[in-house]
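J.: The structure that follows is given in the form of structure tokens.
Every number here is computed from the coordinates shown, using simple stated rules; none is lab data. Just so it is clear, the model here is predicted, and its values are computed rather than measured. Neighbour counts are summed over all protein chains in view; Cβ atoms, including those assigned to glycine, are modelled from backbone coordinates with ideal geometry.
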Amino acid sequence: MSRNFTFPINSTVLNNFPKLDDKVCVVSIIGKSRYNLNSSKASILNSNINIDAFRGWNEDDTDTSVDHTCHIEGFYDDANHVIYLHFLSAYDTCSLANVCESVHKRLTEHGYWQLWQDSEHKHARALLYLFSVSHIIMMTQPGSSLDITCVRLFRILDEIRKKLQMAVGDILKDLGAPREWCLAARPCSPRVLFVFETCLLTETPGNDNSAFNRPRTQKISPLKKLQHSIEDQIYRILRKARIITNISNNSLFAVAANQEFVYVCSNSSKSVAAKDSLSFYLTQLHNTCAIPKDSDNPQRSHGYQMNRHGNQKVSGLVTLPTEMSTLPKGNDFSSFLKQHVDLALGKGFDDNVGRNPVPALFETESCELTLQICDALYEFFMIDPMGTTGKLHFNTLKTKLEVDLRFSEGRCGKILPLAENAYAEGLPQHYTRSYHQQKLAAARRVLSQHARGPASEKYLKQLEEECTRIWKSGRELCEQTSLTGNHCTNALHRLSEDEDQSNNQGVKLPVLPHASQVKTKSTCNCGRKQSEREDPFDHKAANFDFYDQLRKTCCDKLENIELPVFKPSIAEVKSSPAKPIVEEAETPIANKDLSRLDIVSGMSNLSLTMSLVESEASDSMYSHGPQGSFTTEPQLEQPQHANTEQGSQRDDSPEALGTEVEVSQQATERQHSTTEYLAGMLHSVSPPGLLPQFPSWSLVGLSKYNAYSYSQGLDQPGFLHGGNFLLPWDLNGKGDKEKWPTVAEMSTKKGKSKRGQKDQASEVNAKIYLGIEYECPRGHRFFITSPDKILKLPSGATGPPKENAAKLLNTDFPLYTACHCRSAKGYIAQLMRVFVAVPEGPVEVSLTPRVQPGPPPCPVFHPGTTSAVPLPKGKIWVLRLPFIYIGEDGPILPPTDSQHLNSCRLLKGLFTITEDSS
């Protein structure tokens, strides 16, 4: 029958114990074990009970319900009337190994310090429990000296024990414990024995009965002298710390006045008692196989198996070998402990000293009542204290144990005001979250430089909460960002269309518009008037409101070509987010890659009647036949052939996004919605069938064709010196003279045929003037002569430039280029307008604007026309491009990397020329 038990004690196990009516002595084992996985500090007791009851780590033990940081195992030795309580904690190697296997998650959640403090708190409560139920407490040390850190712990336990004395006494009274036991809340002042597992003395072999060989004239062995010396040291330390006093009833524990209370394991006893079984058997194996060095005729010594009497099973446990139960008589641990146990079961302990000693308290009860008291007090100390008083004192115990925390809190409490002052220093009236984070980081650095200990994290959180409270107490700046990336400078507010909102203090937010105090200078649609522009915070303000306001005072009377916009048919309409929608092709698209179906669907509203092809020759001819033919300096091909040839040669180029669009007839003729509009801008992957609520582009007629002076250029504000000239595009051809009016740039010549034939046609020429205009944030404007060169006259030069528009006909134009204005910042100018002066005559010019404002996979933006926009003849037309391009993820700003600026461009194929057949 097994006599091992754990807490809480099972009633079935308790009833099976023999000799329950006999009085027993409770012996507890506390302290630390050696750094060996298989070791157990209680294994030294196995020799007393002649049973291997206390073992170290067991691989077969898979009980996960055991708390390895604080566990008490018991054994009832009915033969000697002793109850052994072995306290296992993190100071035991086997328990620490089990804790380390499952501690990773707790370390991640709570940290090392919190985990260790919880373990130390449980350890102190377990010691309080053992000092309240034990008669003898055996404190083991793996070394050869006392760990004086236990002195502080003993003083704390003594203070808390006195506070819990009344609560424990009430529990004992309910269980029927003796009156003196209930008043003192313990059976006696427990006697503490100290066991040291390491001996620094050198043992000399011999046959003497003493622990170590000594001369015959010496009365006391060196080991005994060592034990007595350690006793004197321990007694002085405990008396000076007032752990023990003359009256043992008032002390946490007592030490024997006239008996030995220190035991030091000698080398021989350590090998058989203190070591684990594995070490013992290895030693025996070595001794069996070793050959004596001092023997001339070496013979093997008697083997271990010849001397051992075999293992006997008693109550399910294995008895120790004879060698493990037999110790040298001079340093016998069994006799050392037995003398204290016999005294406890006899007349009891009287450890009071002094001139006027008082009677010592000592009580022993039956095994059954003792186990019931141990079980009830275990629940009080280790599981859940009864009442708020017990909880209050245990909280006090935790506070006193956390000396590192108290020091850390005192240190951090002094530094916290300094860190708060570092945050509050130089704060503006209102600031953004990013500035708040910068100031908070500076305050955290101040605290981290001086704060120490485990409370640092706690005070860091307090610092964050206080700094956040300061920021949210009327100092929050509006977090809205403009389309150009600037923050609103107003305090936290709401717009007029927003619902009522309150700040952190419960005050309603004021109604204010967004404003960043960043202003730029921009020009109206036609280019004749400049004005300061507020930093836009929404799409409509950037691309419509500003130009619409200037239109009322400047461009209102000019001819305007309307671009497609949403026209509602009902009172209530809704917007659709500008997210890409890929439609399934209703009709098969031949000879096209399926991966481009989304591009084809998005570009279904674009169709080009004609596009120009690359040509570098300036003297090639273009012929349309004998009647009404004309020539241009860049050679042109037939529109249908040009599209076919370009499509076969540049099928995978980026220009194919806008120029090579083939859609089914049903997709081309799709009707636009009149109940739902597009919230963003039109681009190549916009949902088909939806139009924007307002136009982001503009196309106006500036003036008549004859109003432009080639020698003086445009008379508009903002142009840099020599940068206001349009570049000519010469048209030479043979046609009917009546179709070409007489203008300053045209001349009429009659050609004579050879052999006296009559003149069959008139030779005419005309000029189309082109201009690609850029504008910087300071309002500076200029044209370009090629994609990488701006129009600029030499110093002191006057008159028109010598360049023509040949390099502008069929090329990509960069959307951003450096402005040549004198500024240290180096402003970037954006392509904002395209000027086209179309003469009268049998020629038609149309525009197909397509802009890719970012590197791929950025979509291609367009004004939403289903075909190229024809320009009426005899006027100067101005195409104004959007100020901000809005994609699905927000505004597409200029790339910060200069290498990506070339990816932002106005795609080639902008200009298209066709012959007027009328």
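J.: So for the pair Gln899, Asp545, with labels modelled 7 Å out along Cα→Cβ, what separation do we get in nm?
T.: The answer from the label model is 3.9 nm.
J.: Now for a separate question. Kirkwood Rh over Cα pairs of region 402-472 into Stokes-Einstein at 20 °C, 1.002 mPa s: D in µm²/s? Numbers along the way, then the final one.
T.: Details: Rh = 12.3 Å.
Once the numbers are plugged in, D ends up at 174 µm²/s.
J.: Looking at this model, which pairs from Lys552/Lys825; Lys439/Lys540; Lys529/Lys792; Lys162/Lys338 are more than 28 angstrom apart at the alpha-carbon?
T.: Long pairs (Cα-Cα over 28 Å): Lys552/Lys825; Lys439/Lys540; Lys162/Lys338.
J.: By count of other Cβ within 10 Å, fewest leading, how are Phe87, Phe17 ordered?
T.: Values: Phe87 23, Phe17 17.
Arranged by neighbour count, lowest to highest, Phe87, Phe17 become Phe17, Phe87.
J.: Can I ask one more? Relative to the present Cα-Cα distance, how much length would full extension add between Leu427 and Lys458 at 0.36 nm per residue of separation?
T.: Details: separation 31, 0.36 × 31 = 11.16 nm, distance 2.48 nm.
Between Leu427 and Lys458, full extension yields an extra 8.7 nm.
J.: Among residues other than Arg444 whose Cβ falls under 13 Å from its Cβ, what is the net charge (Lys/Arg +1, Asp/Glu -1)? Can you show the working numbers first?
T.: On the way: positive: Lys439, Arg445, Lys461; negative: Glu420, Glu457, Glu464, Glu465, Glu466.
So the environment of Arg444 carries a net charge of -2.
J.: To the nearest Å, what is the center-to-center distance of region 423-481 and region 330-382, using C-alpha atoms only?
T.: Centre-to-centre distance over Cα atoms comes out at 60 Å.
J.: With all pairs of different alpha carbon atoms counted, what Kirkwood hydrodynamic radius in Å does region 843-918 show?
T.: Evaluated on region 843-918, it is 14.3 Å.
J.: Can you figure out the FRET efficiency of Ser434 with Arg494, using R₀ = 22 Å and their beta-carbon distance, to the nearest 0.05? Walk me through the intermediate numbers first.
T.: Details: r = 21 Å, r/R0 = 0.96.
For R0 = 22 Å, the calculated efficiency reads 0.55.
J.: How charged is the neighbourhood of Tyr816? Take every other residue with its Cβ under 14 Å from the Cβ of Tyr816, and add Lys/Arg as +1 and Asp/Glu as -1. List each step's numbers first, then the result.
T.: Details: positive: Arg905; negative: Glu773, Glu775, Asp788, Asp812, Asp897.
Around Tyr816, the charge tally is -4.
J.: Which part of region 336-366 falls in the paramagnetic zone of Arg239, meaning amide N under 19 Å from the point 7 Å along Cα-to-beta-carbon?
T.: Only 350-358 fall inside the zone, counting backbone N under 19 Å.
J.: Could you give the distance between the Cα centres of region 766-842 and region 512-561, to the whole Å?
T.: One Cα centre to the other: 22 Å.
J.: Taking the Cα-to-Cβ direction at Asp118 and at Leu418 and moving 7 Å from each Cα, how far apart do the two end points lie in nm?
T.: 3.4
J.: Something else now. Residue separation times 0.36 nm, minus the C-alpha to C-alpha distance between Thr396 and Ala824: what's the value?
T.: Stretched out fully, the Thr396 to Ala824 stretch lengthens by 147.3 nm.
J.: What distance in nm lies between label points placed 7 Å from Cα along the C-beta direction at Thr468 and Thr6?
T.: It works out to 4.3 nm between the two label points.
J.: Cys289 to Arg445: FRET efficiency via 1/(1 + (r/R0)^6), r the Cβ-Cβ distance, R0 60 Å, to the nearest 0.05? Provide the component values of the computation, followed by the final result.
T.: Numbers: r = 66 Å, r/R0 = 1.10.
Efficiency computed from Cβ-Cβ geometry: 0.35.
J.: Sticking with this one: If r is the Cβ-Cβ distance from Leu282 to His228 and R0 is 30 Å, what FRET efficiency results, to the nearest 0.05?
T.: Values: r = 33 Å, r/R0 = 1.11.
The formula returns an efficiency of 0.35 here.
J.: For Asp170 and Gln712 in the same chain, what is the full-extension length gain: residue separation times 0.36 nm, less their Cα-Cα distance, in nm? Walk me through the numbers before you get to the answer.
T.: Numbers: separation 542, 0.36 × 542 = 195.12 nm, distance 11.20 nm.
Extending this stretch completely gives an extra 183.9 nm.
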